[in-house]
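As C-alpha cells, the structure follows; a few thoughts come after it.
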Amino acid sequence: MENNLNPLRIAVFASGTGTNFQAIFHAIKEKRLDAVIAGIITNNPGSAAKVFAEENGIEAAVINKKLHGEDNIENAIIECLEKWETELVVLAGYMKKIGDPIIEKYKNRILNIHPALLPSFGGKGMYGMHVHEAVLESGVKFSGVTVHIVDNEYDSGSIVMQEVVPVFDTDTPEELQKRILKEEYIIYTEAIKLFADDRIKINGRKVIVKGENAEN
Ligand code: GRF
C-alpha cells in the first residue's frame with residue numbers, strides 16, 4: 001500500500017553515468033515509486049550522476065580518499081546517511097566496496113544492481129563491460145539483471161529480484177549491455193518499491209516477498 005505521508009528515504013551511491021539513478025528519479029517523479037532521494041554519494045567529482053543530482057536539486061556529497069583520507073571515508077558516508085535520515089541505500093554503478101561499518105549499520109538495507117544473473121558472472125573485477133564480455137565468451141544463451149542485498153563480499157548477498165535477458169549470437173558487448181540496462185531500469189524501481197511497501201522479509205539467505213505466495 002502506498003503511504004504518501006512517509007515516503008521511503010533513499011540515498012543513491014553512483015560513480016559514473018548514473019542512468020539507473022536517473023531511472024529511479026523519474027519513477028519517483030512520475031509517482032510510480034513512493035520514495036524520496038534524500039541525497040547521492042559519489043566518489044567521482046566529475047560524474048554525470050553528480051551533475052544530474054545538482055541539476056535536479058538533490059544534494060550530492062563527494063566522498064573519496066583524496067578529500068577525506070582513506071580512514072575517514074566510512075565515517076563521512078555514515079554522517080551523510082544519518083543527516084539524510086536514510087532508510088535504504090541504493091548502489092547504482094558505485095565503484096567502491098562498501099565498508100563493514102556501513103554494512104553493519106544498514107544491515108539488509110543496502111541494495112546493488114548487477115548486470116548479469118548472479119551468482120554467475122559476479123565477483124571482484126566483474127563490472128561494466130567486463131561482465132558482458134565474459135557472458136558472450138561463455139556462450140550462455142541468457143543473461144540478465146540481479147538486484148541483491150549488499151554484504152561484505154562482492155556480488156554475494158541475498159538476491160531480491162532477477163530478470164532474464166536473451167543473449168543473441170550476433171551480440172556485441174555494447175548491444176548486450178544496452179538490452180540489459182533497459183531491464184535494470186525496470187526492476188531496480190520494482191525492487192525498491194518492495195522495500196517502500198514493506199514487503200521484504202529476510203529468512204537466512206532467502207529474501208521472501210510478503211504476499212507473493214499464499215503462505216506468506
Ligand atoms: C549498471 O550496469 C549496473 O548494473 C552496474 O553498473 C552499471 C551502472 O550504470 N552496477 P549507470 O551508471 O546506472 O548508467
Exercise. Relative contact order for segment 65-180: what is it in percent, counting Cα pairs under 8 Å that are at least 6 residues apart?
Worked result: 23
Seminar exercise, completed: Ranked by GNM mean-square fluctuation in the chain (Cα springs under 10 Å), the top entry among 161, 95, 129 is 129
Seminar exercise, completed: Largest fluctuation, 108, 75, 20 only, Gaussian network model of the chain with Cα springs under 10 angstrom, belongs to 75
Exercise. Any idea how far the Cα center of segment 105-122 sits from the one of segment 153-216, in Å?
Worked result: 9
For this session: Kindly state, as a whole number, the per residue volume in cubic angstrom of the convex hull around the alpha carbon atoms of segment 104-212.
Result: 101
For this session: Could you pull out the pairs from 141/193; 96/178; 141/210; 105/182; 50/97 whose alpha carbons sit more than 27 Å apart here?
Result: 141/193; 141/210; 105/182
Seminar exercise, completed: If each K or R counts +1 and each D or E counts -1, the residues other than residue 146 whose Cβ falls under 11 Å of its Cβ total -4
For this session: Show that you can apply the helix-only estimate: for the chain, add -39,500 (n - 2.57) for every DSSP H stretch of four or more residues, divide by all residues, and state [θ] at 222 nm to the nearest 500.
Result: -10000 deg cm²/dmol
Exercise. What helices does the chain hold that run 30 Å or longer along their axis, going by alpha-carbon atoms, with a Kyte-Doolittle average of -0.5 or more, using DSSP H for the helix calls?
Worked result: 173-196
Exercise. How much net charge surrounds residue 74 when only the other residues with a Cβ under 14 Å from the Cβ of residue 74 are counted, with Lys and Arg +1 and Asp and Glu -1?
Worked result: -2
Exercise. Which value, in Å³ per residue, describes the convex hull spanned by the Cα atoms of segment 84-156?
Worked result: 83
Problem set entry | Square roots of 5 times each gyration tensor eigenvalue, C-alpha, the chain, largest first, Å | 25, 22, 17
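Since every read-out is calculated from the coordinates, none of them should be taken as a lab result. These figures come from a predicted structure and were not determined experimentally. Positions of Cβ are generated from backbone atoms using ideal geometry, with glycine treated the same way; all protein chains shown enter the neighbour counts.
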